[in-house]
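The values are calculated or read from the model by the stated rules, or taken from the named source; none is laboratory data. Keep in mind that this is a model prediction, so the values were computed, not measured. Neighbour counts run over all protein chains shown; Cβ positions are idealised from the backbone, glycine included.
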Amino acid sequence: MKWSWKLGRFAGIDVYIHATFLLLIGFVGFSYWQQEKTYSAVLSGIGFILALFLCVVLHEYGHALTARRYGITTRVITLYPIGGVARLERMPDDPRQELRVALAGPAVNVLIAAVLLAWLFFTGALPSVASLSVTSGTFLERLMLVNATLALFNLIPAFPMDGGRVLRALLATRLEYTQATHIAAVIGQGVAVVFGFIGLFSNPFLVFIALFVWIGAEQEASMVRMKTSLGGIPVSRAMVTEFHTLEASHPLSRAVEYILVGSQHDFPVLDGGQVVGILTRQDLMKALAQRGEDFPVSSIMSREFRSVDSYEMLESAFASMQACQCHTMPVTHAGQLVGLLTMENVGEFLAIQAALKPSRAHA
Ligand code: ZN
């Protein structure tokens with residue numbers, strides 16, 4: 001992950017923090033310094049942001065650990081200034097499971113808020129409801145309010161918020177999955193329009209959220225459309241079968257020749273008939289600039305790659321391509337290289353499917 005630092009690994013999930021997060025901490029520290037001109041104010045301001053983001057991480061763990069109960073792994077949680085993202089390998093197909101995974105995040109914030117409320121109540125530190133304030137209250141009081149806000153905000157019924165998934169899951173218990181997503185996306189975009197409109201007259205931040213929600217709804221709907229059109233089709237139907245391969249001992253100049261005569265970007269590298277690596281266009285260009293074209297392919301090829309069996313379904317092959325952010329995957333069968341699966345080819349395959357069945361592809 002670019003521009004991210006690993007904070008640690010907890011319960012088998014790597015937690016990363018994005019570089020822009022430091023900007024936020026700097027900004028908060030600076031604005032407290034401007035207001036109060038004391039180090040203690042700056043420290044308590046930053047302390048609050050860190051406590052808030054700990055709650056966000058726990059929210060993401062709520063999603064990830066619930067998904068794990070259904071056999072779905074999460075490798076990475078990344079913290080951005082606008083919140084956290086848990087990269088789940090996939091979403092559960094069963095709507096009741098998706099409902100539980102989606103609700104688990106906000107439930108964590110409700111739980112934290114409830115524990116803080118009980119603590120404040122029993123220690124006699126709870127002010128009257130009217131005087132509760134996110135800006136001037138005590139540390140714990142503010143943390144409680146912020147957790148309640150996080151839970152409510154995430155339950156807005158619009159993608160990419162958890163509420164969008166909750167809504168889709170509820171619809172999907174009665175409707176077909178694509179149709180449920182379509183309705184949830186339309187409702188989400190309706191919410192975005194209302195947000196944007198209110199924002200224009202009050203808070204520019206709302207316009208920003210509206211935009212975020214609009215794009216999220218669009219993405220979710222097109223992902224599901226894609227998933228539906230890929231279901232039940234084997235990889236062999238969409239793979240490239242005319243392509244060049246390289247031998248591990250070939251010089252880089254061979255790859256240059258192939259790139260110039262064709263449109264292939266990435267090359268499977270063979271050694272004794274077995275795929276031993278992938279040479280990507282990007283790595284090739286980098287190596288050419290640094291070392292020239294006489295170097296052997298084996299010295300710069302990537303040895304960590306995923307391959308897929310030609311009988312596997314496109315849907316799962318495409319999901320693992322997205323998960324590893326691979327552009328090209330070698331397709332094998334019975335230990336032999338039989339094809340290449342590329343992002344472009346899958347896209348082309350979908351375009352052809354859509355042209356052949358216009359009514360189904362837009363369902
Ligand atoms: Zn969430």
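Looking at the structure I just gave you, is I49 β-branched (V, I, T), touching a residue at least 60 places away in the same chain (Cβ under 8 Å) and in the same structural domain as A107 (by TED's automatic domain parsing)? Working first, answer last.
Values: β-branched (V, I, T): yes; touching a residue at least 60 places away in the same chain (Cβ under 8 Å): no; in the same structural domain as A107 (by TED's automatic domain parsing): yes.
So I49 fails the test.
In region 105-124, what residues are within 16 Å of the ligand (Cβ to nearest atom) and in contact with a helix residue (DSSP H, G or I) (Cβ under 8 Å, 6 or more places away or on another chain)?
G105, P106, A107, V108, N109, V110, I112, A113
What helices (runs of 4 or more DSSP H) completely inside region 251-363 contain at least 3 residues that are over 30 Å from I183 (Cα atoms) and in contact (Cβ under 8 Å) with a residue 40 or more places away in the chain?
On the way: elements: 252-261, 281-291, 314-324, 343-356, 358-361.
Answer list for region 251-363: 252-261.
Exactly one condition in (1) in contact (Cβ under 8 Å) with a residue 40 or more places away in the chain; (2) within 13 Å of the ligand (Cβ to nearest atom) is not met by R90; state its number.
It is condition (2) that R90 fails.
When region 162-184 is examined, which residues are found to be in a helix (DSSP H, G or I), over 16 Å from G216 (Cα atoms) and not polar (S, T, N, Q)?
A169, L170, L171, A172, Y177
Surrounded by fewer than 19 Cβ atoms within 10 Å (Cβ to Cβ) and polar (S, T, N, Q) - does that describe any residue in region 99-117?
No - not one qualifying residue is present in region 99-117.
Any idea which of A184, A148 is surrounded by 13 or more Cβ atoms within 10 Å (Cβ to Cβ) and in contact with a Pro (Cβ under 8 Å, 6 or more places away or on another chain)?
A184
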